1. Test of understanding: among ILE82, ILE77, which residue is out of contact with any Gly (no Cβ under 6 Å at 6 or more places or on another chain) and under 30 Å from LEU121 (Cα atoms)?
2. Could you list, in sequence order, all residues of segment 137-156 that are over 23 Å from ALA98 (Cα atoms) and buried (at least 17 other Cβ atoms within 10 Å of the Cβ)?
3. If you check LEU11 against the conditions, is it in contact with a strand residue (DSSP E or B) (Cβ under 8 Å, 6 or more places away or on another chain) and not in a loop (DSSP other than H, G, I, E, B)?
4. State whether one or more residues within segment 21-30 are modelled with pLDDT under 85, over 15 Å from ALA259 (Cβ atoms), in contact with a helix residue (DSSP H, G or I) (Cβ under 9 Å, 6 or more places away or on another chain) and outside the structural domain of SER122 (by TED's automatic domain parsing).
5. For segment 306-333, which residues satisfy the criterion of being surrounded by 20 or more Cβ atoms within 10 Å (Cβ to Cβ), within 25 Å of GLU27 (Cβ to Cβ) and aliphatic (A, V, I, L, M)?
6. Can you name the number of the only condition in (1) free of Cβ contacts under 8 Å to residues at least 40 places away in the same chain; (2) surrounded by fewer than 24 Cβ atoms within 10 Å (Cβ to Cβ) that GLY103 fails?
7. Just name the residue that is nearest to THR109 (Cα to Cα) out of those in segment 175-198 that are in a helix (DSSP H, G or I) and among the charged types (D, E, K, R).
8. With the requirement that a residue be touching a residue at least 60 places away in the same chain (Cβ under 8 Å) and either part of a helix (DSSP H, G or I) or hydrophobic (A, V, I, L, M, F, W, C) (or both), what does segment 138-174 give you?
Amino acid sequence: MSVIVPQPGILDIAPYVGGQSYLAGVENVVKLSSNENPFGPSPKAMEAFSRAVRQLHRYPSTDHASLRAALGEVHGIDAGRIVCGVGSDEILHLLCQAYVGPGDEVVHTEHGFAIYRIAALSAGGTPVSVPERERVTDVDALLAACTPKTKLVFIANPNNPTGTMIGTGDLARLADGLPAGAMLVLDGAYAEYVEGYDGGIGLIASRGNVFMTRTFSKLYGLGGLRVGWGYGPAEVIDVLNRIRGPFNLSEAQLAAAEAALRDDEHIQRSLSENTRNRAWLAEALMEKGVPSDTSCANFVLARFASADEALACDAWLKQEGLIVRPVASYNLPNCLRITVGDEASCRRVAHAIGNFKDVGR
């Protein structure tokens, strides 16, 4: 019997595992494992989604023109240089599909998002993991890792799961130092949480080798709908539109995303509460002997003395009905990533970790 063999690299992919969402036999569970907006989606987005269900028998638009126009208006960019996808994950996969093949390399940081490696391998490329410096992207190390085989350099800024980021000057130095034919891809899933940061828009305007991805899954609270977008050079957008599925987003997705984008009240409330609760949570954990780097996202990366202590704390929290994210798979075995929830959730998880530390003394 013949064996049907997948393309090289496919079987090297460990299937992605999302944040745990339930605990068997435990009631009143608080999920802080997936960096979701604790206030949910915008009421305007829910209204738009409800209206769209009346048109479920109709095919959606293939050009996403209305959402792209709204994104262009809000961000002050050319709507013609925007591509929309099923979350920003699809855009990352499309980039690898379009620009990476056997013998090509995709560079990413050691604690970078798991999809970078998955997308590279799925296209037949070779992922290259580069050390960070104290959980912060190291531009010099990234540049040193680049070779003539490098096609894409992925960095999340702010990074997931560390929450750290680098400034525009370092991003520019990275872009300018890449070998010819390589492109810097800035994953901006958490860019909205950083005041005054454009996610790379300015760099894209002045350079032809920078691309940006963004998502509606975090600040906008639409993780369940899977809507993302990318912005970059016109020729890159043209390439991606040639290979993306023509009906990759439904009208319900498109309508809800546009409404969420324009709900300033919900956006500002979500941002202000995240900023306030993030600072409180980090300080409360520090007082219990659990440090974290300054986070620029909607989570904190709590560091424990050892991997064993981190695992024990995770088990303790589960007993208390609290789900956080162990990140050993991101080469951070002594850490737990904790989503910044509402005030009650932050107080509950801080209290539980405090009790865990007290018992262990």
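The values are calculated or read from the model by the stated rules, or taken from the named source; none is laboratory data. Being a predicted model, the structure only gives us computed values, none of them experimental. Glycine gets a Cβ as well: all are built from the backbone with ideal geometry, and neighbour counts include every protein chain shown.
1. So the residue among ILE82, ILE77 that is out of contact with any Gly (no Cβ under 6 Å at 6 or more places or on another chain) and under 30 Å from LEU121 (Cα atoms) is ILE82.
2. If the condition is that a residue be over 23 Å from ALA98 (Cα atoms) and buried (at least 17 other Cβ atoms within 10 Å of the Cβ), then THR137, ASP138, VAL139 are the ones that fit.
3. Criteria not met by LEU11.
4. yes
5. LEU317, LEU322, ILE323, VAL324 - these are the residues of segment 306-333 that are surrounded by 20 or more Cβ atoms within 10 Å (Cβ to Cβ), within 25 Å of GLU27 (Cβ to Cβ) and aliphatic (A, V, I, L, M).
6. For GLY103, the exception is condition (1).
7. Among them, the one singled out is ASP176.
8. PHE154, MET165
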